[in-house]
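Here the structure is laid out as structure tokens; the discussion comes afterwards.
The values are calculated or read from the model by the stated rules, or taken from the named source; none is laboratory data. Note that the structure is predicted; figures quoted are calculated from it, not measured. With ideal geometry, Cβ positions are generated from the backbone for all residues, glycine too; neighbour counts draw on all protein chains shown. Surface accessibility is based on the protein's heavy atoms, side chains included, excluding ligands, DNA and RNA. Shrake-Rupley method; radii C 1.70, N 1.55, O 1.52, S 1.80 Å.
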Amino acid sequence: MNKLVKTPYKGCRDLFPKDKREQEYLFSVMKDAAALYAYEPYDGPMLELVDLYKAKSGEELINDQIYSFQDRGDRFVAIRPEMTPTLARMVAQVHRETPKPLRWFSIPNLMRYERPQKGRLREHWQFNCDVFGAPEVLGELEVLNLVKDLLKLYGANETHFSILINDRAFVDQLFKEMLKITEEVSYKLYKIIDKSKKVSLEKLDKMISEVLDDEKAIILKNYLSLKNFEDVFDFFNIDCSLKTLYQKIAESDLLKYLKYDPSIVRGLDYYTGIVFEVFDKHPDNRRAICGGGSYANLLQIFNEPALPGCGFGLGDVTLKDFLITHDLMPDFTHPDDAIFISFQEQKNEAQALKISNSLRDLGYGVENHLSGIKINKAFQIAEKKKYSFLILCEDDSYTLKDLNHKKEIKFKTINEEVLDCLHGHEHE
Ligand code: HAM
């Protein structure tokens with residue numbers, strides 16, 4: 001029999017305790033940001049019918065990235081590659097009786113069949129925040145502020161990231177009024193624009209010339225050269241959500257994070273209005289940390305009336321790369337503070353159990369070593385695991401060692417002095 005490999009399936013991660021501590025930190029800040037904006041948690045199933053994604057997620061996801069199979073009851077099912085279709089399905093069930101705006105968040109793990117590389121894995125966790133039924137542009141404004149405030153909670157600011165933004169209304173205008181192209185060509189052009197900054201100029205020219213004649217190619221290139229809000233509002237001269245949003249944020253903190261970018265159109269088909277991606281400004285980490293936008297018609301796939309939604313997904317892999325790049329990731333090498341309890345002789349075993357339980361009753365985390373070890377060894381272990389306190393159990397008494405302050409207290413029962421010592425450290 002072939003030996004089994006110890007490594008996880010390609011593009012998936014084993015989360016060892018340090019990795020899990022890091023991930024829990026990322027999640028806890030996400031939950032804090034969601035709470036600041038009163039977004040309520042929700043969750044959905046890992047498997048959905050493939051048809052749910054076929055409806056609006058787009059060809060790339062369905063043809064290249066989805067993990068799908070036929071179940072024992074002959075249903076075609078998929079492991080969720082994104083959360084938005086599940087969210088829309090759930091909102092479709094309850095939106096009639098739920099006050100609007102409805103604001104929900106979730107942190108699901110998702111699977112996409114991608115080529116693993118920096119910032120791209122096959123399994124990732126994604127913080128999703130979405131708002132449904134908000135008045136025009138105010139939902140977009142809220143989710144943009146939420147994502148900005150989230151990154152600020154991790155310690156980032158405008159020198160670290162930008163929110164690149166566009167409006168699909170411009171692209172529709174470009175395709176229908178200026179280029180006058182068919183739906184089929186439009187679909188191809190969306191993908192070309194989406195990739196325009198990721199390929200060389202020659203490759204881009206080639207891709208464009210395969211779908212547009214020379215005259216139209218020039219119009220498209222003029223569009224792709226637009227650099228700021230003034231440029232794009234001049235170029236199109238139409239009313240759209242992005243224009244309204246821009247007027248509303250003229251005086252706000254958000255403005256310094258936003259940058260107009262014609263290449264942001266988003267790869268997923270359901271977006272209809274404002275679309276955005278958060279990019280790291282550091283040249284070593286040129287990936288989108290987050291992507292999102294507005295979708296006016298997603299509920300219609302369930303035969304429900306249109307209820308405009310807007311939201312974003314922010315991946316844990318790209319977020320961690322971003323925080324590491326800017327030295328904003330705290331050190332989780334060692335577990336949180338706990339007290340290390342040890343004894344040398346078997347006869348002190350019961351005493352160690354007793355003090356461990358008394359301290360736990362008081363709410364302290366305690367690691368009882370469980371077997372007798374020499375004092376030197378106890379110090380070594382406590383040091384390696386970065387414990388702040390060591391308690392040695394000897395006949396009828398205990399010695400509490402404050403390892404950071406080289407202080408020790410001998411005691412028989414837990415008293416004020418012991419608690420002050422343990423407590424003092426907590427409040428440093
Ligand atoms: P998305 O752009 O496909 O959007 O993904 C959002 C974010 O998830 C990306 O910016 C990236 O950080 C992360 N991500 C995506 N794929 C991978 C991968 N293979 N490995 C690591 N990270 C990845 C959506 O999924 C939309 N459903 C988001 C949304 C919510 N729009 C509205 N509401």
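Quick notes
- Residue among Lys386, Lys176, Lys221 with the largest mean-square fluctuation in a Gaussian network model of the chain, springs linking Cα atoms under 10 Å: Lys386
- Mean separation of Cα contacts under 8 Å (6+ apart) over length of the chain, as relative contact order %: 15 percent
- When the Gaussian network model of the chain links Cα atoms closer than 10 Å, the mean-square fluctuations of His334, His326, His369 top out at His369.
- Choice from Asn297, Asn128, Asn222 showing the highest fluctuation, given a GNM over the chain with Cα pairs closer than 10 Å: Asn222
- Dimensions of the chain based on its C-alpha atoms, expressed as ranges along the principal axes with the largest first, amount to 91, 61, 51 Å.
- For the set Asp74, Asp167, solvent exposure ranked by accessible area (probe 1.4 Å, protein chains only) runs largest to smallest as Asp74, Asp167.
- The spacing between the stretch 154-209 and the stretch 362-379, judged by their C-alpha centroids, is 60 Å.
- Quarter of Cα convex hull surface for the stretch 339-426, i.e. mean projection, nm²: 5.0 nm²
- Nitroxide proxy distance, nm - points 7 Å out along Cα→Cβ at Asp420 and Asp19: 4.6 nm
- Carbon plus sulfur fraction of accessible area for the chain, probe 1.4 Å, in percent: 51 percent
- Potential lengthening between Glu60 and Lys197 on full extension [0.36 nm per residue; Cα-Cα distance subtracted]: 47.5 nm
- Listed by number, the DSSP H helices of the chain that run 20 Å or longer by alpha-carbon position along their axis and have mean Kyte hydropathy of at least 0.5 are 138-153.
- Inter-part distance, the stretch 289-313 to the stretch 2-32, computed on C-alpha centroids, equals 30 Å.
- Pair Ala35, Lys281: separation of 7 Å Cα→Cβ label points (nm): 3.0 nm
- Potential extension, Met178-Asp361 segment - 0.36 nm per residue separation minus Cα distance: 58.6 nm
- Average Cα contact separation per residue, the stretch 161-280, under 8 Å, 6 or more apart, as relative contact order %: 57 percent
- Separation of the Gln247 and Glu136 label points, Cα + 7 Å toward Cβ, nm: 1.0 nm
- The residues of the chain have, on average, 52 Å² of accessible surface per residue, using a 1.4 Å probe with all protein chains present.
- Working note: 222 nm ellipticity from helices only, DSSP H runs with n ≥ 4, each -39,500 (n - 2.57), summed and divided by the residues of the chain, gives -11000 deg cm²/dmol to the nearest 500.
- Separation of alpha-carbon centers, the stretch 40-93 and the stretch 237-263, rounded to whole Å: 33 Å
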